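Beneath this line is the structure, given in structure tokens, with notes to follow.
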Amino acid sequence: MPDREPKIVGFCCEKHGIDSVDLAARSGRQYDSSIRLVRVPCTGRVDGTHLLKALEEGADAVFVLGCLEKNCYYDTGSIEGRKRVAYVKSMLSEVGIEPERVEMFNASSSMSWKFSEIASNMVKVAARLGPIGSRGGGR
Amino acid sequence: MIIAERKPLGEIAMMVAPHEKVTVIGCRSCVAICLAGGEKEVDTLVSAMKLKSMNEGRTQYFDGFVLERQCEKEWVKEVEDKILAADVVLSMSCSLGAQTIGDLYPEKIVVPGLNTAMFGVPEEQGVWSEKCLGCGDCIIHTTGGICPIARCAKSMLNGPCGGSSNGHCEVNLEIECAWYAIYERLKLQDRLDLMDTVRPPKEWSTSHSGGRRVIVREDAKLTPHQIRGKEASL
Ligand code: SF4
Ligand code: SF4
């Protein structure tokens, strides 16, 4: 097992995404300190390079959190986010890296429980997989 | 424009595997429009390749950037230093860019990151289709502006064949029958008489079948005197 804390980066849209995180905090729900959030105007702004760069710079797992697809503040932003996450997952598989290191999630601002769920899910993934390269050549 | 598609990352990784310093060069023209080799594609490819090396615990250096047009010597020469410093150049342009670099720096190994697929057009976001085969003797004025050479699976000059079915091609029912489209277009233009005009066999020597083609414009070429003058001013 790796001898360091997992590192997880989450790109959150500043509409429902961040609001759901705020509500979780106001409801007294805690999340793991290994998670660093990056605020983006919309998940449609998140590009493949952002996700891959985060991994390259040492994140063990990366996620994108946007509005629910039918309730997206910018209408189709979270659909774009989902497509990009899927593309990055396919690139990771092609180079022999576990695609589950990158995930897309959706929440509405009223879903106070959702962020804790996402956080513990990603912490588990990061802990199981460890840093990239730590298992001697991936799968 | 030229339409290309990124090669599978495993194939790219195999081509660059023997080398340590890899310079990835994209192009801002056609291949950026077809989302194969522009700035973003170069960035994501470089990241994915770095992650692969990290994962395998090997040291390989990747550096990536894009040129305005990789098929023009002037743009390529501007990054000569970076090309010469690389162990291998991974070209993310169409093969014309890759070959321009290779012809300018013959001692360098240049490998293709893209499969150059066709002359085509963007039909809608994320969809590109072939429209011309570069036959060197265009005849689309006789076919309602639709190219039967590129768009008919059999490149028939007088169609449709017996396999045309409900507007689709028998070779692939997902694809429209070019001759059905030509008929519909000519009907719309009230020029159906062209369907009855028999097109004689085409002169194929102007196409690639006649060997590699080179086009020369004497009026545009520089004279030896002009070349000497240009060199002196550099
Ligand atoms: S007829 Fe020849 S030049 Fe004209 S579009 Fe077709 S292939 Fe291209
Ligand atoms: S069905 Fe149409 S497009 Fe297909 S080969 Fe026949 S004429 Fe050409």
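Data for the structure
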| item | result |
| --- | --- |
| Net charge dipole size for the range B:4-125 [Lys, Arg +1 and Asp, Glu -1 on Cβ; Debye, nearest 20] | 260 |
| Percent breakdown of C-alpha pair distances by 5 Å bin, ordered from the shortest bin, for the range B:2-118 | 2, 13, 26, 27, 19, 10, 3, 0 |
| Karplus-derived HN-Hα couplings along the range B:216-222 (A = 6.51, B = -1.76, C = 1.60, θ = phi - 60°), whole Hz, x at Gly and Pro | 10, 10, 4, 5, 9, 5, 7 |
| Share of carbon and sulfur in the accessible heavy-atom surface of chain A [1.4 Å probe, %] | 49 |
| Partner chain coverage, peptide B:49-62 - average Cβ within 10 angstrom | 5 |
| B:Leu67 long-range amide H proximity, modeled H, under 5 Å | B:Gly26, B:Cys27, B:Arg28 |
| Whole-Å distance, taken between Cα centres, linking the range B:96-110 and the range B:9-80 | 14 |
| FRET efficiency, 1/(1 + (r/R0)^6) with R0 41 Å, evaluated for B:Ala232 and A:Ile79 via beta carbons | 0.10 |
| Accessible carbon and sulfur surface of the range B:3-90 relative to its total accessible area, %, 1.4 Å | 50 |
| Per-residue [θ]222 nm for chain A (sum of -39500 (n - 2.57) over DSSP H runs n ≥ 4, rounded to 500) | -12500 deg cm²/dmol |
| Per residue, in Å², the accessible surface of the range B:2-118 once ligands and nucleic acids are set aside, probe 1.4 Å | 45 |
| Delta accessible area of at least 20 Å² on complex formation, residues of the range A:35-52, 1.4 Å probe, chain isolated as reference | A:Asp47, A:Thr49, A:Leu52 |
| Loop-located GluC sites (Glu not before Pro) in the range B:126-234 whose Cβ has at most 14 other Cβ within 10 Å (DSSP) | B:Glu203, B:Glu218 |
| Estimated [θ] at 222 nm from DSSP helical runs (n ≥ 4, -39500 (n - 2.57)) normalised by residues in chain B, nearest 500 | -9000 deg cm²/dmol |
| Solvent-accessible heavy-atom area per residue, rounded to whole Å², over the range B:125-203 at 1.4 Å | 60 |
| Interface residues, the range B:1-24 - accessible area loss of 50 Å² or more versus chain alone, probe 1.4 Å | B:Arg6, B:Leu9 |
| Quotient of C-alpha Rg and 2.2 N^0.38 Å, computed over chain B | 1.28 |
| log₁₀ of I(q)/I(0) at q = 0.14, 0.17, 0.19, 0.21 Å⁻¹ - the range B:125-203, Debye sum with one point per alpha carbon | -0.44, -0.65, -0.81, -0.97 |
| Loop sites in the range B:125-199: trypsin sites (Lys or Arg not before Pro), DSSP, at most 16 other Cβ within 10 Å | B:Lys154, B:Arg191 |
| Gain upon complete extension [B:Asp196, B:Tyr61; 0.36 nm per residue less C-alpha separation] | 42.4 nm |
| Shielded by partner chains, the range A:84-115 residues - at least 10 Å² of accessible area, 1.4 Å probe, vs chain alone | A:Tyr87, A:Met91, A:Glu94, A:Val95, A:Ile97 |
| Chains B and A, summed buried accessible surface - 1.4 Å probe, Å², nearest 100 | 1600 |
| Highest-fluctuation residue, B:Ile146, B:Ile215, B:Ile175 considered, GNM on chain B with Cα pairs under 10 Å | B:Ile215 |
| Per residue accessible area of the range A:66-139, 1.4 Å probe, in Å² | 47 |
| In the range B:20-64, GluC sites (Glu not before Pro) in a DSSP loop with at most 16 other beta-carbon atoms within 10 Å | B:Glu20 |
| Over the protein assembly as shown: Kirkwood hydrodynamic radius from C-alpha pairwise inverse distances, Å | 24.4 |
| FRET efficiency for B:Lys21 and A:Ser27, using Cβ-Cβ distance with R0 set to 35 Å, rounded to 0.05 | 0.10 |
| The range B:181-206 residues near the modelled B:Asn166 label - backbone nitrogen below 17 Å, point 7 Å along Cα→Cβ | B:181 |
| Under 18 Å from B:Lys50, Cα to Cα: lysines that are on another chain or at least 8 residues apart | A:Lys53, A:Lys89, B:Lys7, B:Lys21, B:Lys40 |
| Accessible surface of the range B:135-233, 1.4 Å probe, proportion on carbon and sulfur as whole % | 54 |
| Label-point gap, in nm, between B:Ile139 and A:Glu100 - each point 7 angstrom along Cα→Cβ | 5.9 |
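The values are calculated or read from the model by the stated rules, or taken from the named source; none is laboratory data. Not measured: the values here are computed from a predicted model. All Cβ positions, even for glycine, are placed from backbone atoms using ideal geometry, and neighbour counts span all protein chains on display. Just so you know, the surface numbers come from the protein's heavy atoms only, side chains and all, with ligands and any DNA or RNA stripped out. Shrake-Rupley method; radii C 1.70, N 1.55, O 1.52, S 1.80 Å.
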